[in-house]
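Right, one structure below, let's go through it.
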Amino acid sequence: MSEPPISRGFRGRGRSGQSARVPPGQHLVTDFPVLSAGPTPEADLATWRFTLEDGESPIAEWSWDQFEALPQTDLTVDIHCVTTWSKLDTRWRGVSIDTLLVAAGLSEPPGPFVLVHSEGGYTTNLPSEDLVDGKAMVATHFDGEPLHPEHGGPARLLVPHLYFWKSAKWVRKIQFLDSEQPGFWEELGYHIYGDPWREQRYAGD
Amino acid sequence: MSLQEHDMLPLDGNAAGGLLRELFALDLTAAEITCDGCGAVAPIGAIRAYGGAMGAVLRCGHCDTAVLRLTHTPAGLWLDMHGTRRLFVAAPEA
Amino acid sequence: MPATEAVPAPEPASPPRLRWMTAEVREIIDETPRVRSLMLHLPEWPGHKPGQHVDVRLTAEDGYQAQRSYSIASPPQAGMVTLTVERLTDGEVSSYLAGDVRAGDKFELRGPIGGYFVWTAGLGGPLFLVAGGSGIVPLMAMLRQRAAAKSDVPATLLYSSRAYEDIIYRSELDGLALHGVSVQHTLTRAQPAGWQGLSRRIDRAMLESVGFTPEQRPRIFICGPTPMVEAAARDLRDLGHAPNLIKTERFGPTGR
């Protein structure tokens, strides 16, 4: 198979060597691109619920008011999308997963893996240990404002150390499981873990 | 609001035409899909597609069921059509 | 550029396998300040139908690749492939194709793609085309095919642009208006002094007054940004047009 022709003068986006904070293959953006696997759900805070489940058994559930009354955490982090954009110093506010576990009366995750469920049917999976010790939160505010629906409002998961498809928008439930269960994109060839620093975009990377 | 090239408003099955032609011997954009969620029928070209650069997620215009999901990874192409009950492709003109 | 009558491109007996071909830019035409047409030399081109598109792939010297889809602007009779590309803010591919590219440059292309959003004069009419911004491109291929086939199928184009200088193919459309195509422009952001055309976004009342009646059973093709396409399709269904006669192609951002 012959080599593709080089398109003279095409450079594409600036990629490597930008900064130690930019993982391999990523480029920096200053806006906040929107990418969704489905339509933006209409938020109804009166009926919104967030649930923790152990297998099929509910452990805890919060209404919006109850959720907002939990201790809040502020986080400033860099985020990295598998589609190659990265955004530095993003400011978030929400409830850390550590706080949720404490509020649910748990000293540790009840299972080694989680499947995260969003309104509209989107799912993603990760090891439980990637949610705790300050690594993740359910975010309700971005850049000082309530999280916009296009970006996952009223609440999304935020797991900044993994590719951003793991930070499920419109999150409703975290389900703890004994075995790993691939989510929406993981079922279709995306990496089961997704570490941007090891460039784990696709299964087999 | 000025949109950037990487802002991904939902397109439609027409945009997935090239990927589908990598997999199938015929053009499928005119193929009619029956949604397994609600029974609605629509040509693939008319169906809204989400997912942007991650892949094509075609969702029924009536009930939002994902009737077709398609990704192109270095290992190969993935196609999930469990949201499609039936697909009909008209015979090519003689 | 008016379409010239050439030997009709051969229809392949069975669909050819889609593979990447090398295209070389032969001629570049600046259509508007942000839009450019590229006329391509593609010796292996199998022919196409109006409304179809191609995938374009660029490769940088370090091997980096980027891929986008573009509608074919030329009719099949032209014997060559013309793409019309709008330069988008921060667009890594469009800033190349509608910016840096020069005659002689090469890139990969595969196609033609699409069998749904397709019309030729042989399918009959009347024909109602609704375009938003760069959505005019595949519809222009249809009008060019109609002209090259010397067809008298009644045709109406409703074309929404931001301002007068953003109207793509403006003088060619003026020419088509003298040959049986009813061309209605609407300018949504700014109108020149003395503007006689429409000056608001496409809405149901405009579609009703400009287009054919449902009883005339027009074949309808709508192309442009997603919100505009979906609103127009819904309005036309509400006006009584048969859903299977309405075909849509949603474009991504147009930079508007």
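The values are calculated or read from the model by the stated rules, or taken from the named source; none is laboratory data. All of these numbers come straight from a predicted model, not from anything done at the bench. No Cβ is skipped: glycine too gets one built from the backbone with ideal geometry, and neighbour counts run over all protein chains shown.
Just to be sure I understand, how many residues within segment B:63-94 are of a type in the set (Asp, Glu) and more than 26 Å from B:Gly39 (Cβ to Cβ)?
Going through segment B:63-94 one residue at a time, the tally reaches 1.
Looking only at segment B:22-32, decide whether some residue is of a type in the set (Asp, Glu) and surrounded by 20 or more Cβ atoms within 10 Å (Cβ to Cβ).
yes
Which pairs do you get when a residue that is closer than 13 Å to B:Gly55 by Cβ, found in segment B:65-94, comes within reach of a residue that is among the basic types (Lys, Arg) and in a strand (DSSP E or B), reach meaning Cβ atoms under 7 angstrom, with the pair 6+ apart or on two chains?
Here the result reads B:Ala66/B:Arg59; B:Asp80/B:Arg69, each pair linking segment B:65-94 to a residue that is among the basic types (Lys, Arg) and in a strand (DSSP E or B).
Would you confirm, using the coordinates I've provided, whether C:Pro12 is modelled with pLDDT under 90, within 14 Å of chain B (Cβ to nearest Cβ), assigned to a loop (DSSP other than H, G, I, E, B) and surrounded by fewer than 18 Cβ atoms within 10 Å (Cβ to Cβ)?
It is true that C:Pro12 is modelled with pLDDT under 90, within 14 Å of chain B (Cβ to nearest Cβ), assigned to a loop (DSSP other than H, G, I, E, B) and surrounded by fewer than 18 Cβ atoms within 10 Å (Cβ to Cβ).
Farther than 30 Å from C:Ser94 by Cβ and either away from chain B (no Cβ under 14 Å) or touching a Ser or Thr at 6+ places or on another chain (Cβ under 6 Å) (or both) - does that describe any residue in segment A:15-31?
Yes, some residue in segment A:15-31 is farther than 30 Å from C:Ser94 by Cβ and either away from chain B (no Cβ under 14 Å) or touching a Ser or Thr at 6+ places or on another chain (Cβ under 6 Å) (or both).
Report, by residue number, each residue of segment C:183-196 that is surrounded by 14 or more Cβ atoms within 10 Å (Cβ to Cβ) and part of a loop (DSSP other than H, G, I, E, B).
C:Thr188, C:Gln191
Can you name the residue in segment A:120-179 that is in a loop (DSSP other than H, G, I, E, B) and among the aromatic types (Phe, Trp, Tyr) and, of all such residues, is surrounded by the most Cβ atoms within 10 Å (Cβ to Cβ)?
A:Tyr163
What is the number of the single condition among (1) free of Cβ contacts under 8 Å to residues at least 24 places away in the same chain; (2) surrounded by fewer than 15 Cβ atoms within 10 Å (Cβ to Cβ); (3) within 14 Å of chain B (Cβ to nearest Cβ) that A:Pro39 does not meet?
(1)
State the number of residues belonging to segment C:113-139 that are buried (at least 19 other Cβ atoms within 10 Å of the Cβ) and either over 20 Å from B:Gly45 (Cα atoms) or more than 9 Å from chain B (Cβ to nearest Cβ) (or both).
16
Look at segment A:65-84 and say how many of its residues are buried (at least 21 other Cβ atoms within 10 Å of the Cβ) and within 22 Å of A:Trp197 (Cβ to Cβ).
Of the residues in that region, 4 qualify.
Could you please give the count of residues in segment C:57-90 that are within 14 Å of chain B (Cβ to nearest Cβ), in a loop (DSSP other than H, G, I, E, B) and in contact (Cβ under 8 Å) with a residue 24 or more places away in the chain?
Here the count works out to 3.
Taking the criterion of being out of contact with any strand residue (DSSP E or B) (no Cβ under 8 Å at 6 or more places or on another chain), of a type in the set (A, V, I, L, M) and in contact (Cβ under 8 Å) with a residue 24 or more places away in the chain, would at least one residue in segment A:123-140 satisfy it?
Looking for residues that are out of contact with any strand residue (DSSP E or B) (no Cβ under 8 Å at 6 or more places or on another chain), of a type in the set (A, V, I, L, M) and in contact (Cβ under 8 Å) with a residue 24 or more places away in the chain, one finds at least one in segment A:123-140, hence yes.
Restricting to strands (runs of 3 or more DSSP E) lying wholly in segment A:50-114: which have 1 or more residues that are within 15 Å of A:Gly134 (Cβ to Cβ) and in contact (Cβ under 8 Å) with a residue 40 or more places away in the chain?
A:73-80, A:85-96
Here is a list: B:Ala53, B:Ala25, B:Ala90, B:Ala30. Which entry is assigned to a helix (DSSP H, G or I) and within 11 Å of chain C (Cβ to nearest Cβ)?
B:Ala53
Just name the residue that is farthest from the other protein chains (Cβ to nearest Cβ) out of those in segment C:222-246 that are in a strand (DSSP E or B) and out of contact with any Gly (no Cβ under 7 Å at 6 or more places or on another chain).
Step by step, filter segment C:222-246, then rank; the result is C:Ile222.
Output yes when any residue across segment C:35-51 is crowded, with 21+ Cβ neighbours inside 10 Å and at pLDDT below 95, and no when none is.
Scanning segment C:35-51 turns up no residue that is crowded, with 21+ Cβ neighbours inside 10 Å and at pLDDT below 95.
Considering only segment B:33-48, state which residues are facing chain C (nearest Cβ under 8 Å) and either within 21 Å of C:Pro50 (Cα to Cα) or among the hydrophobic types (A, V, I, L, M, F, W, C) (or both).
Matches in segment B:33-48: B:Pro43, B:Ile44, B:Gly45, B:Ala46.
Quick grid of which residues meet (1) more than 30 Å from C:Tyr64 (Cβ to Cβ); (2) in contact (Cβ under 8 Å) with a residue 60 or more places away in the chain; (3) outside the structural domain of C:Arg200 (by TED's automatic domain parsing):
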| residue | (1), (2), (3) |
| --- | --- |
| C:Leu97 | no, yes, yes |
| C:Val130 | yes, yes, no |
| C:Gly133 | no, yes, no |
| C:Ser161 | yes, no, no |
| C:Asp166 | yes, yes, no |
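Read through the list (1) in contact with a Lys or Arg (Cβ under 7 Å, 6 or more places away or on another chain); (2) among the acidic types (Asp, Glu); (3) within 13 Å of chain C (Cβ to nearest Cβ), then give the number of the only condition that B:Asp80 fails.
With (1) in contact with a Lys or Arg (Cβ under 7 Å, 6 or more places away or on another chain); (2) among the acidic types (Asp, Glu); (3) within 13 Å of chain C (Cβ to nearest Cβ) applied to B:Asp80, the lone miss is (3).
Could you look through segment A:179-194, keep only residues that are closer than 15 Å to A:Val82 by Cα and of a type outside the set (Gly, Ala, Ser), and pick out the one that is farthest from the other protein chains (Cβ to nearest Cβ)?
Selected residue: A:Tyr193.
Scanning segment C:205-256 for residues that are among the acidic types (Asp, Glu) and surrounded by fewer than 17 Cβ atoms within 10 Å (Cβ to Cβ), which turns out farthest from C:Arg189 (Cα to Cα)?
Step by step, filter segment C:205-256, then rank; the result is C:Glu215.
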